[in-house]
Amino acid sequence: MNYRVGRNQPCPCGSGRKYKNCCYRSDAEAARNSSQTFPDPEWQRIRRTEGELIDAIGSFSDRCYGGDLMRRAWLEFTASSKIEGEPLIGSLFVPWFIFTWRPQPAVRALFRTGLPPQPLALTYLAENRSRLDDYQESFIEAACAEPFSFFVLTAVEPGRSLSLRDLLLERDVTVKERQGSEMLRRGSVVYARVISLAGQSILSGFGPVALSPDVLGPIIDLRNELKRSSASTGPLSPAFLRSQEDRLRSFYFEAADRVLNPPAPVLQNTDGDPLAFILLHYKLHCDPEQALEALKSLVLPEYRDGVLDDADYDDCGKLTRVTLTWQKKGNRLNPEWDNTTLGSIEIRGGEIVVEVNSENRATNIRGEIQDRLGDRSTFVKEVRKPVEALLRQRAGRGGARDRKGSREVKALSPEGSAAVAEMMKAHWEAWLDNPIPALQNLTPRQAARTPEGRERLEALLMSFEYRNESVAQPELRPDVDELRRKLGLPVPLG
């Protein structure tokens, strides 16, 4: 996608020179190379017309209003953006400036030449209609009528085309696109404008940062809010979306900023508590055997027989060290699990050391130890391990890195692979009937019964597919096609 800046405008590369004296030639060459990919003359015509009109209208803006008009537009365009300016210029800002921006009264008052409250391209059309052919007129009118929207890629033919679902206008479109079809994949979400003319559809204006399918749910929520504000019972209209352009652009910039500057993950244990690695040290005033007898009920009954399997004894056969696993039945986040490990309790000589991973668990185990041992133990100190440092330390023991910095993944044994596969099968079978926040707390089976529920369910499944590509161990990848079949949803071809 090569969107040209006016020849006499400053070059987007930041050199300070005019575009025609800097990057114009290389961009023009790239455009010619791109056109060779599609011998279709109608596609070449629409792309050529787009480039020629952007060039001509940019020069018209400089001639009639000077460079200050573009600067005013740029300030408005980037008001809510934290993205570096250069990537926005060619792909998004210039098409927006020419075909979308409607100057507000405060801006129009600055220009004595009379700046109409309409897109620059329509002003150019009104003053140059006699010089334009019907196709050029139709292109300008189509470009100015089409709003920016959010599209999810439903299919990609690399080097050729993108199949898109317009999430706000609820329509499907296929565009011929070389560069984007080589860079993007199914499930990617793009902020763009699609122009259709004479049987051809192209992207004209494209956010430089693609979004992951995780944003699909919030976009559906945004669409529902827009429908309520427009009192629409069906798909939103292009005209209404044009009136909401500032809001849509701000939504995109915020989502793109999260991609470029992701927030630190919220680390939790399986109880949903914030992670905090804590060691509790006690002085023991009784024999280890007595402490074991008092504390072993913290182990689930079915595991108590194995408590002493790894215990240590002195020469006289007396217990000197034993480790207990503090457990409870079930798991809040994973209903298919039959138990949860809450912490580790090591009795060694004259002390007890407890390791837990949250404040809540530390508080609870202190109460349990007090109830069971009373004055036979004395709390000595609490030691906290920084979460980030400990995670880095544990990650460092996970294996060597290859040349690209990714960690080697050791293949599981056949028995281990089968065990993991069985566990994952149980997890996804239970998932079908668990309430999911992304489905507005419906279960997947419940969501599959309504149109909006199915749309949210498809968004969630698409995000699973998207993440599967980065999961090295096949045992950990959900079989999304199988989940679709169980939910009665269509399975994509290919």
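The values are calculated or read from the model by the stated rules, or taken from the named source; none is laboratory data. On a predicted model such as this, the values are computed, not experimentally measured, just so you know. Neighbour counts are summed over all protein chains in view; Cβ atoms, including those assigned to glycine, are modelled from backbone coordinates with ideal geometry. Keep in mind that these areas ignore ligands, DNA and RNA; they rest on the heavy atoms of the full protein, side chains included. Shrake-Rupley method; radii C 1.70, N 1.55, O 1.52, S 1.80 Å.
State yes or no: is Pro238 modelled with pLDDT under 90 and open to solvent by 40 Å² or more (accessible area, probe 1.4 Å)?
Working: modelled with pLDDT under 90: no; open to solvent by 40 Å² or more (accessible area, probe 1.4 Å): yes.
Taking the combined requirement at face value, the residue does not satisfy it.
Residues are listed down the side, and each one gets a yes or a no for (1) modelled with pLDDT of 95 or more; (2) over 36 Å from the mean Cα position of the chain (by Cα):
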{"position": "Tyr65", "(1), (2)": "no, yes"}
{"position": "Ile89", "(1), (2)": "no, no"}
{"position": "Leu92", "(1), (2)": "no, no"}
{"position": "Arg112", "(1), (2)": "no, yes"}
{"position": "Ser130", "(1), (2)": "no, yes"}
{"position": "Phe139", "(1), (2)": "yes, no"}
{"position": "Glu146", "(1), (2)": "yes, no"}
{"position": "Ser149", "(1), (2)": "yes, no"}
{"position": "Glu157", "(1), (2)": "no, no"}
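Out of all the residues in segment 278-304, which are touching a helix residue (DSSP H, G or I) at 6+ places or on another chain (Cβ under 8 Å), closer than 19 Å to Glu351 by Cβ and outside any helix (DSSP H, G or I)?
The answer is Ile278, Leu280, Tyr282, Leu284, His285, Cys286.
Looking only at segment 330-344, how many residues end up being part of a loop (DSSP other than H, G, I, E, B) and open to solvent by 20 Å² or more (accessible area, probe 1.4 Å)?
Total satisfying the criteria: 8.
Which of the residues spanning segment 125-165 are part of a helix (DSSP H, G or I) and either among the β-branched types (Val, Ile, Thr) or open to solvent by less than 40 Å² (accessible area, probe 1.4 Å) (or both)?
The answer is Leu125, Asn128, Tyr135, Gln136, Glu137, Phe139, Ile140, Ala142, Ala143, Cys144.
Among the residues of segment 192-201, are any touching a residue at least 40 places away in the same chain (Cβ under 8 Å), assigned to a helix (DSSP H, G or I) and of a type in the set (Gly, Ala, Ser)?
No - not one qualifying residue is present in segment 192-201.
Would you mind finding the one in Leu115, Leu168 that is surrounded by 22 or more Cβ atoms within 10 Å (Cβ to Cβ) and part of a loop (DSSP other than H, G, I, E, B)? Give the derivation first.
Values: Leu115 fails: surrounded by 22 or more Cβ atoms within 10 Å (Cβ to Cβ).
Just a single option satisfies the conditions, and that option is Leu168.
Return the total of residues in segment 452-476 being open to solvent by 40 Å² or more (accessible area, probe 1.4 Å), over 14 Å from the mean Cα position of the chain (by Cα) and basic (Lys, Arg).
1
Search segment 425-442 for residues being surrounded by fewer than 16 Cβ atoms within 10 Å (Cβ to Cβ) and without any contact (Cβ under 8 Å) to a residue 40 or more places away in the chain, and hand back the single one that is nearest to Ile220 (Cα to Cα).
The qualifying residue nearest to Ile220 (Cα to Cα) is Gln440.
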